[in-house]
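Reviewing the structure listed below.
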Amino acid sequence: MPQIIVRDAARDDVDRHADYIARDQPKAARRFYDEAQKAFDLLADHPGGGPEVVPTIRGLPGLRYLPIGGRFENFLVIYRPIPEGVEVLRVIHGARELRRALAD
């Protein structure tokens with residue numbers, strides 16, 4: 001079974017986004033958690049499923065992204081396939097500049 005490695009920064013991202021959503025819509029925040037987990041599970045089964053990040057970010061070759069499903073398509077799971085499955089690095093809002101988010 002493929003392994004999902006979710007880095008602490010990605011877990012923190014999910015918590016931060018859910019907290020923000022919960023300010024106005026607590027039920028939507030719970031759905032956000034569920035949809036994020038579904039995206040992680042999907043990636044474990046299909047690690048090459050998302051498009052590659054272009055241009056390549058130096059030091060992070062092979063990065064890919066996948067929008068979270070449901071009504072949360074503006075949030076992107078940033079990951080890379082690894083031999084054992086996938087490594088989830090960040091979960092960012094699509095309006096955010098990717099290089100800056102990864103540098104944080």
Fill in: Sequence-separation-based contact order of the chain, relative, with Cα cut under 8 Å and 6+ spacing, percent
30 percent
Item to complete: Put one equal scatterer on each alpha carbon of segment 34-74, apply the Debye formula with no solvent term, and list log10 I(q)/I(0) at q = 0.19, 0.33 1/Å to two decimals.
Response: -0.60, -1.08
Discussion item. At 0.36 nm per residue, and after removing the present C-alpha to C-alpha distance, how many nm does the segment from residue 95 to residue 52 gain when stretched out fully?
Written reply: 13.8 nm
Discussion item. Suppose we look only past 25 Å in the calculated P(r) of the chain. What percent of the Cα-Cα pairs does that tail hold?
Written reply: 15 percent
Worksheet, complete the sentence: Ranked by GNM mean-square fluctuation in the chain (Cα springs under 10 Å), the top entry among 83, 67, 47 is 83
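Coordinate-derived values only; no laboratory data. None of the values given here were measured: they were computed from a predicted structure.
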